[in-house]
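Here the structure is laid out as structure tokens; the discussion comes afterwards.
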Amino acid sequence: MSRLSRQRELGVPEAFEWLAEVTPSLRGRIEEAGLLVAERPLMVLDPHHPLPPQRLPHGVTIRALDAGDPALPAVLALPGLAFADESTALGPAGRVELEAAAEKLMADSTVATIRPSLRAGHKTLAAAFGPDGTPLAVGHYHPANGATEIGGIGTLPAARRQGLGSAVMAALATHARDHGVRTVFLAYAQEAVARIYARLGFRPAGTTLLIANQPARGQ
């Protein structure tokens, strides 16, 4: 477990992620090292499957962000609020909490760190915005060699139950296809979420394993 030893030596988060079907023996070795392993089933979008149009609430729009978008701090802050509670039910966190979280990301240079990836095209970030410009749902993808995983799909707790997450997912998949990505896949943790993605045309495609307590890849 030389990689684990090196991570501990550097004091960085202990992080492993791999396909169960490709390296079936790795899980046992990681568990022997005292780490908990979580399963995240994978789904892949048929490259020929047309994505169904998504209805949006009145006044809501979806767009991809560039590095200079003034909404970038709030969009980057949204996953922290969305993933703080794994429930899909409505929650209290809304615009006020989002603005406070965005200010913290500006102060700790997180926003500045993300901008180069957006400029270079290594990362695509999209969000649904309310009529007042507040980000309501976000997601991202990182293309590589004609394939990408869509991740970080999160909805502001106060804006849940409006189909915004699936709309952002569909927008990202369409954007990826339009920019030459042939294979679009995702991982999920809840069956309720899987059913939503199945309606978009995603189908089961193996299992990814990861250290259970590694940081969520919200960005």
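The values are calculated or read from the model by the stated rules, or taken from the named source; none is laboratory data. Keep in mind that this is a model prediction, so the values were computed, not measured. When we count neighbours, we look across all protein chains shown, and the Cβ atoms used for this are built from the backbone with ideal geometry, even at glycine. For the accessible areas, the whole protein counts, side chains as well, though only heavy atoms, and no ligand, DNA or RNA atoms are used. Shrake-Rupley method; radii C 1.70, N 1.55, O 1.52, S 1.80 Å.
Some values worked out for this structure:
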{"quantity": "Trypsin sites (Lys or Arg not before Pro), loop per DSSP, at most 13 other Cβ atoms within 10 Å - longest free stretch of the chain", "calculated": "56-160"}
{"quantity": "Computed helical MRE - 222 nm, the chain, DSSP H runs ≥ 4 contributing -39500 (n - 2.57), nearest 500", "calculated": "-10500 deg cm²/dmol"}
{"quantity": "In order through the stretch 50-66: 3J(HN,Hα) via Karplus (6.51 cos²θ - 1.76 cosθ + 1.60), integer Hz, x for Gly, Pro", "calculated": "x, 6, x, x, 10, 7, 10, x, 4, x, 8, 10, 10, 8, 7, 9, 9"}
{"quantity": "In Hz, Karplus ³J(HN,Hα) per residue of the stretch 150-155 (6.51, -1.76, 1.60; θ = phi - 60°; x = Gly, Pro)", "calculated": "8, x, x, 6, x, 10"}
{"quantity": "Interchain or long-range residues, amide H under 5 Å from Gly91's placed H", "calculated": "Ala158, Ala159, Arg160"}
{"quantity": "Max mean-square fluctuation residue, GNM over the chain, Cα-Cα springs under 10 Å, options Pro157, Pro143, Pro24", "calculated": "Pro24"}
{"quantity": "Share of carbon and sulfur in the accessible heavy-atom surface of the stretch 21-162 [1.4 Å probe, %]", "calculated": "55"}
{"quantity": "Accessible area of the chain divided out per residue, in Å², using a probe of 1.4 angstrom", "calculated": "53"}
